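Structure first, then comments.
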Amino acid sequence: DAIKMVTINPAEHYNLNCGSISPGKSADLVFIDNLEDFKVNRVIVNGNTIFKKQKILYKANPLPLETTFNVNFKKPEDFDVKAQDPNHKSAIVNVMNIVPNTIITKKSNAKLTVDKGVIIPSVYEDVLKVSVVERYGGNTISNAFISGFGIKNGAIASSVSHDSHNIIVVGTNSKFMAETTNKIIENKGGIVAMSNQEELDLALPIAGLMSDKPVNEVAKKSTQLNELVRKMGCPLESPFSTLSFMALAVVPELKITDKGLFDVNENKFIDLIVKEE
């Protein structure tokens, strides 16, 4: 049954020209020693032997690694949240509230100060800025506010951001957010943490999602990054994992995309600013 599940069953289900040894079928065959440990001793693909006696019998043509980054470097003012009326002194905004150890957020409101026409995050109340930077040529940025990361100074950013994998960044001010974003753009992908005292990054040059370094090196750097983010005040067990789901606009309740703030329960985009005073 196990063999049928990976051969004839899916072939018949998807109407593929393989899955069995019969006239007219593709000559894709795997030869094994026995039915217990399934040691492969020969592989035939399209009638050609490509593997025999533990040796690969073909040469794979290397594929060029083309960057998926088509985005300009950013300035701090790109991450400013502008008030609708620069003369107002405060604004009530919609906020994404992280539910710890989940990928869910709750929707709430916060009253924030307006200074010279810019809505200022409240580090004291753990209402930080969150932004999504489109990285495939659109060069758009959407800005919002988020609670739950607990960062006291600095920013964290990542190009691993389900499902579109744009750049997502959370920070205490626009300067830090621009610097972490630009580091990711410079590296053609990655994750970054930056505070007043330290800066760490892990480049992910393969589609902005994967490293080209040895696994031990990547694991060590990932641990160091998580430790730095905790030193910055973040209480989350896996801050970068949590960050990677904050733009996934199919998981309740409130998520940020490159097109704005999306209310999943209402299935519509909503305004960031509720009211100004």
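The values are calculated or read from the model by the stated rules, or taken from the named source; none is laboratory data. Note that the structure is a prediction, hence the values are computed from the model and not measured. A quick note on method: Cβ atoms are made from the backbone with ideal geometry, for glycine too, and the neighbour counts reach across all protein chains shown.
Descriptive notes on the structure:
- Test result for SER131, of a type in the set (Ser, Thr, Tyr) and either in contact with a Gly (Cβ under 8 Å, 6 or more places away or on another chain) or surrounded by 22 or more Cβ atoms within 10 Å (Cβ to Cβ) (or both): yes
- In the condition set (1) buried (at least 21 other Cβ atoms within 10 Å of the Cβ); (2) out of contact with any strand residue (DSSP E or B) (no Cβ under 9 Å at 6 or more places or on another chain), GLU237 is compliant with all but (1).
- Hits in the stretch 79-101 (condition: modelled with pLDDT of 95 or more and within 30 Å of GLU237 (Cα to Cα)): PHE79, ASP80, VAL81, ILE92, VAL93, ASN94, VAL95, MET96, ASN97, ILE98, VAL99
- Qualifying positions in the stretch 101-141 - free of Cβ contacts under 8 Å to residues at least 40 places away in the same chain and outside any strand (DSSP E or B): THR102, LYS116, GLY117, ILE120, TYR124, GLU125, ASP126
- Here the condition is being of a type in the set (Gly, Ala, Ser) and under 15 Å from SER174 (Cβ atoms); of GLY117, GLY150, GLY138, it holds for GLY117 alone.
- Condition check for ASP80: assigned by TED's automatic domain parsing to the domain that holds ASN166 and either surrounded by fewer than 11 Cβ atoms within 10 Å (Cβ to Cβ) or of a type in the set (Asp, Glu) (or both): yes
- Residue check for PHE31: in contact (Cβ under 8 Å) with a residue 12 or more places away in the chain and farther than 30 Å from ILE206 by Cα: yes
- The set of residues from the stretch 73-87 being part of a loop (DSSP other than H, G, I, E, B), among the hydrophobic types (A, V, I, L, M, F, W, C) and under 22 Å from the mean Cα position of the chain (by Cα) comprises just one member, PHE73.
- Top-ranked residue in the stretch 190-231 [being out of contact with any strand residue (DSSP E or B) (no Cβ under 7 Å at 6 or more places or on another chain) and touching a residue at least 60 places away in the same chain (Cβ under 8 Å); ranked as surrounded by the fewest Cβ atoms within 10 Å (Cβ to Cβ)]: ILE206
- All positions within the stretch 258-277 that are touching a Leu at 6+ places or on another chain (Cβ under 9 Å) and part of a strand (DSSP E or B): GLY260, LEU261, PHE262, ASP263, PHE269, ILE270
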